[in-house]
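Q: Dropping a structure here in structure tokens format, bear with me for questions.
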Amino acid sequence: MIIRFLAFTWQATRRSKGGLYRETGLKYLPADNSKKLQDPQRRSFIKLGVCTIAAAMSPLPVFAGFGNRLPDERRLRFYNLHTEEHLHICYCRNGVYDRRALKAVYRILRDHRTHEIHRIETRLLDLLHTLSVQSGSNRFHVISGYRSPATNSMLRKDDLQVASQSLHTFGKAVDIRMPALDTRALYRAAVELKSGGAGYYPDRNFVHVDVGRVRCW
């Protein structure tokens, strides 16, 4: 069923000059960019739209480290420290990921240097949701969400601790802090979930979480 749906979407994209990003309303660009999208950019947005649809239609996940099935309704609050944007959103309703909500999350977690938008793993959002339930607060301050390869290479020149294949570049990691929770306590909670990687950076007061292999540092 999903394959037939995506095939239909691809055909509709070919019929529309604007492509899938126009049909879904996905037009996120820097404010000062008034030029028409070039072909590589168009293909990138089409791919993003298809990935969003696939994520929204995926079955309800169960995390090995979470113990129980996730609730049908899941909310998150983000504050991007670089762009000063706020987002309070229900990204999953009745056990189904909300496509419009996911695109809003992709936008607020974009690379703030290049303004590139990338799909964020729903598993990562569910991990954050679980942390919010445990802490009693669903508000996250975002230090770094998605990171473009160009940005990652730039950061790696100044800090060799930045991984060359950082999970940030795949939309599978985020650097956060929670105003309602001590950063060390947030780190311990992430480690106890055993649902991916967790790193504690006390000098910069944030915690890295990802949905890669289970590890901590």
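Q: What distance in nm separates the simple spin-label points at R99 and C216, each placed 7 Å from Cα in the Cβ direction?
A: Taking the simple label geometry, R99 and C216 are separated by 4.0 nm.
Q: Among I176, N138, L193, pick out the residue whose Cα is farthest towards the positive end of the charge dipole of the stretch 133-217, where Lys and Arg carry +1 and Asp and Glu carry -1 on C-beta, about the Cα centre.
A: Going by the charge dipole, the pick is L193.
Q: I've got another one for you. Net charge around R93, counting only other residues with Cβ within less than 13 Å of its Cβ (Lys, Arg = +1; Asp, Glu = -1)?
A: Computed value for this residue: +1.
Q: How many nm is it between the label spots at R77 and V133, if each spot is 7 Å from the Cα in line with the beta carbon?
A: So the two model labels end up 1.9 nm from each other.
Q: Follow-up. Between Rg and the Kirkwood Rh of the stretch 81-208, both from Cα atoms, what is the Rg to Rh ratio?
A: 0.94
Q: While we're looking at this one, here's another question. Grab the beta carbon distance between H115 and D182, set R0 = 25 Å, and tell me the FRET efficiency rounded to 0.05.
A: Efficiency computed from Cβ-Cβ geometry: 0.15.
Q: Let's test the formula: R0 of 35 Å, r as the Cβ-Cβ distance of R69 and N205. What FRET efficiency results, to the nearest 0.05?
A: 0.60
Values quoted throughout were computed directly from the atomic coordinates according to the rules given, and no laboratory measurement underlies them. Values in this document were obtained by computation on a predicted structure and should not be read as measured data. Ideal geometry is used to build each Cβ from the backbone, glycine not excepted, and the neighbour counts take in all protein chains shown.
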